[in-house]
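Remarks on the structure that follows.
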Amino acid sequence: MAIRTAISASEIIEKVSLLCMDANFNVNQDIIAALRDSYETEVSPVAKEVFAELLENAKIAHECQMPICQDTGVAVVFVEIGEGVEITGGRLCDAINEGVRKGYREGYLRKSIVRDPLDRVNTGDNTPALIHTEFVPENHLKITVMAKGGGCENMSRIAMLTPADGREGVINFVVETVRIAKANPCPPIIVGVGIGGTFDYAALLAKKALLRPLGIKHHESDTVKLEAEMLDRINNLGIGAQGLGGWVTAMAVHIERYPCHIASLPVAVNIECHAHRVKTVILGSH
Amino acid sequence: MSTILPIKTPLMESDVTNLRIGDKVAISGIIYTARDAAHKRLVDLILRNAELPFDIRNQIIYYVGPSPARPGRPIGSCGPTTSQRMDVYTPQLLARGLRATIGKGNRSETVIEAMKRYKAVYFAATGGAAALLARAVKNAEVIAYEELGAEAIMRLEVESFPVVVVNDVYGNDLYREGITKYRRE
């Protein structure tokens with residue numbers, strides 16, 4: 001008989017609210033390490049100072065429980081649902097939205113969502129969250145909250161390349177995206193790249209690529225090579241921290257690939273600022 | 001390069017003609033916040049020849065939508081938002097006497113030209129250093145469009161608010177210069 005794991009909606013609400021606050025107040029260690037490395041690598045004195053400021057900012061944010069960035073983002077929530085998991089006392093998406101509402105209210109986080117892209121009236125509670133769900137064999141509920149800033153999201157791009165464009169075409173598109181973005185997305189950035197799938201799936205892959213902690217290598221050696229090649233070309237652009245000129249424009253390029261149609265080569269580039277806010281919790285694991 | 005020039009608002013023409021790109025400046029006095037929605041309203045008022053909610057002559061507008069203040073604090077985190085989105089509105093405000101803007105990221109050629117013409121400058125604050133920048137804000141008060149929430153116009157009293165001159169009144173651009181210097185292609 002299959003093992004069932006019951007997880008209550010109230011636990012989900014509580015945990016999501018804490019993730020929203022934790023993500024916005026406490027910079028992850030991988031980012032701190034990358035900022036320190038960048039400080040060492042950077043040759044421009046002006047850009048070097050930016051890295052020092054960002055490290056100081058992380059310290060203040062943590063100590064004062066203040067958001068790292070005033071743009072506390074749209075809550076993008078990735079959920080892995082174990083096939084044996086049962087949600088009790090409410091519905092999953094309602095619980096996630098209630099958690100976002102609570103976290104943004106109690107954490108004094110900014111409410112940045114409008115109810116309609118054209119009438120632009122603020123919903124006042126930062127909902128709805130953008131929820132991506134996936135069924136997994138593990139008997140758990142894994143919730144990842146990404147507080148995604150609008151400025152860097154705006155600099156993201158997607159292209160439907162042709163198979164003939166190949167590897168070089170993909171690299172060129174990614175580098176061009178960063179070149180066009182210039183100082184706007186708050187460099188040093190992290191570049192999420194989705195290659196393959198379909199129009200929509202490539203964009204999701206690009207966002208998911210950002211979830212991999214900095215410093216963790218991709219499991220495919222060719223992707224590792226491709227990431228290094230793109231990072232090199234991006235950092236040769238000279239944009240630098242805050243666009244003030246320098247050698248570190250991006251701290252990492254993360255790629256995810258997926259099978260695609262014989263006619264297609266979709267490429268999506270999701271730009272992430274240095275204020276990369278991602279936190280995860282696993283519920284119901286044994 | 002490493003010396004910091006203190007300046008006080010309001011800014012006169014002579015205050016900004018002294019500034020050059022790359023100069024680090026510490027602003028003290030009053031600055032006003034406005035971002036996308038407030039800009040749309042301000043320019044609508046200008047087009048209708050109506051009065052603005054504050055006198056923008058010789059003032060600084062800061063592109064920011066702060067996070068809510070915790071009890072006992074004047075403001076939440078308050079780093080700059082991307083200036084590019086305001087480019088479409090900026091020349092009309094400069095024509096009305098606005099002396100400087102603070103944001104992050106590149107300005108359009110049209111805005112850079114307008115800054116030359118009307119003797120105005122563009123400062124950048126460090127994007128994403130929002131908790132650090134909040135320390136320079138001593139007082140904050142909503143003066144218009146409260147219903148816009150984070151997008152309301154606020155009057156901020158700042159002390160040594162740290163910025164760098166990105167565009168001066170001579171048409172120079174620090175971003176362009178930086179890339180030229182550090183590009184390796």
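The values are calculated or read from the model by the stated rules, or taken from the named source; none is laboratory data. The structure presented is a predicted model; accordingly, all values stated were derived computationally and were not measured. FYI the Cβ positions are ideal-geometry reconstructions off the backbone, even for glycines, and counts take in every protein chain you see. These area figures cover heavy atoms from the full protein model, side chains too; ligands, DNA and RNA do not enter into them. Shrake-Rupley method; radii C 1.70, N 1.55, O 1.52, S 1.80 Å.
On inspection, B:Pro91 does not qualify as more than 15 Å from the chain's Cα centre (by Cα), over 26 Å from A:Ala61 (Cβ atoms) and not small (Gly, Ala, Ser).
When you look at A:Leu237, is it in contact (Cβ under 8 Å) with a residue 60 or more places away in the chain, over 21 Å from B:Ala129 (Cα atoms) and within 14 Å of chain B (Cβ to nearest Cβ), yes or no? It is true that A:Leu237 is in contact (Cβ under 8 Å) with a residue 60 or more places away in the chain, over 21 Å from B:Ala129 (Cα atoms) and within 14 Å of chain B (Cβ to nearest Cβ). The C-beta contact set for the range B:114-142 (first residue more than 12 Å from every other protein chain (Cβ to nearest Cβ) and free of Cβ contacts under 8 Å to residues at least 24 places away in the same chain, second residue open to solvent by 30 Å² or more (accessible area, probe 1.4 Å) and of a type in the set (A, V, I, L, M), distance under 6 angstrom, 6+ apart or interchain) comprises B:Val142/B:Met154. For A:Met155, the conditions (1) within 14 Å of another protein chain (Cβ to nearest Cβ); (2) outside any helix (DSSP H, G or I); (3) more than 21 Å from the chain's Cα centre (by Cα) all hold with the exception of (3).
Looking for something within 11 Å of chain A (Cβ to nearest Cβ) and among the basic types (Lys, Arg) - is there at least one such residue anywhere in the range B:150-158? No: zero hits.
The set of residues in the range A:27-42 being touching a residue at least 40 places away in the same chain (Cβ under 8 Å) and over 13 Å from A:Ala252 (Cα atoms) consists of A:Val27, A:Asn28, A:Thr41, A:Glu42. Could you tell me whether any residue of the range A:9-28 is out of contact with any strand residue (DSSP E or B) (no Cβ under 7 Å at 6 or more places or on another chain), within 30 Å of A:Leu244 (Cα to Cα) and among the β-branched types (Val, Ile, Thr)? The answer is yes; a qualifying residue exists. Among the residues of the range B:98-113, those that are assigned to a helix (DSSP H, G or I) and open to solvent by 10 Å² or more (accessible area, probe 1.4 Å) comprise B:Glu109, B:Thr110, B:Glu113.
For A:Asp71, state whether it is touching a Ser or Thr at 6+ places or on another chain (Cβ under 7 Å), under 30 Å from B:Ala69 (Cβ atoms) and open to solvent by 10 Å² or more (accessible area, probe 1.4 Å). Judged against the criteria, A:Asp71 is a match. Once the range B:15-24 is narrowed to residues that are more than 14 Å from every other protein chain (Cβ to nearest Cβ) and β-branched (Val, Ile, Thr), the residue that is surrounded by the most Cβ atoms within 10 Å (Cβ to Cβ) is B:Val16. Checking each residue in the range B:31-44 for being free of Cβ contacts under 8 Å to residues at least 60 places away in the same chain and open to solvent by 30 Å² or more (accessible area, probe 1.4 Å) picks out B:Lys40, B:Asp44. For residues that are outside any loop (DSSP other than H, G, I, E, B) and more than 17 Å from A:Ile195 (Cβ to Cβ), scanning just the range A:213-249, find the one that is most open to solvent (accessible area, probe 1.4 Å). Per the criteria, the residue is A:Asp232.
Among the listed residues B:Pro66, B:Pro80, B:Pro71, identify the single one that is of a type outside the set (Gly, Ala, Ser) and more than 23 Å from B:Val25 (Cα to Cα).
Details: B:Pro66 fails: more than 23 Å from B:Val25 (Cα to Cα); B:Pro80 fails: more than 23 Å from B:Val25 (Cα to Cα).
Among B:Pro66, B:Pro80, B:Pro71, only B:Pro71 is of a type outside the set (Gly, Ala, Ser) and more than 23 Å from B:Val25 (Cα to Cα).
Screening A:Asp125, A:Asp94 for residues that are more than 27 Å from B:Ala69 (Cα to Cα), open to solvent by 30 Å² or more (accessible area, probe 1.4 Å) and among the acidic types (Asp, Glu) leaves exactly one candidate, A:Asp94.
Looking for whichever is assigned to a strand (DSSP E or B) and open to solvent by less than 10 Å² (accessible area, probe 1.4 Å) here; the options are A:Val79, A:Val100. Which one fits?
Checking each option against the conditions leaves just A:Val79.
Residues in the range B:159-185 that are open to solvent by less than 40 Å² (accessible area, probe 1.4 Å) and in a loop (DSSP other than H, G, I, E, B) were compared, and the one that is farthest from the other protein chains (Cβ to nearest Cβ) is B:Val169.
Taking first residues from the range A:151-173 that are under 24 Å from A:Asp232 (Cβ atoms) and partners that are in a loop (DSSP other than H, G, I, E, B), the Cβ contacts under 6 Å between residues at least 6 apart in sequence or on separate chains come to A:Cys152/A:Pro185; A:Cys152/A:Cys273; A:Met155/A:Asn184; A:Met155/A:Pro185. Within the range A:47-68, the set of residues being more than 7 Å from chain B (Cβ to nearest Cβ) and either touching a helix residue (DSSP H, G or I) at 6+ places or on another chain (Cβ under 8 Å) or not in a helix (DSSP H, G or I) (or both) comprises A:Ala47, A:Lys48, A:Phe51, A:Ala52, A:Leu55, A:Ala58, A:His62, A:Gln65. A search for C-beta distances below 7 Å between a residue of the range A:266-279 that is under 13 Å from A:Ala250 (Cβ atoms) and any residue that is of a type in the set (S, T, N, Q) and open to solvent by less than 10 Å² (accessible area, probe 1.4 Å), counting only pairs 6+ apart in sequence or on different chains, returns A:Val269/A:Thr177. Residues that are more than 15 Å from the chain's Cα centre (by Cα), assigned to a loop (DSSP other than H, G, I, E, B) and among the hydroxyl-bearing types (Ser, Thr, Tyr) within the range B:3-61 comprise just one, B:Thr3.
Of all residues in the range A:25-46, those being assigned to a helix (DSSP H, G or I) and either modelled with pLDDT under 95 or at the interface with another protein chain (Cβ under 8 Å from one of its Cβ atoms) (or both) number 2.
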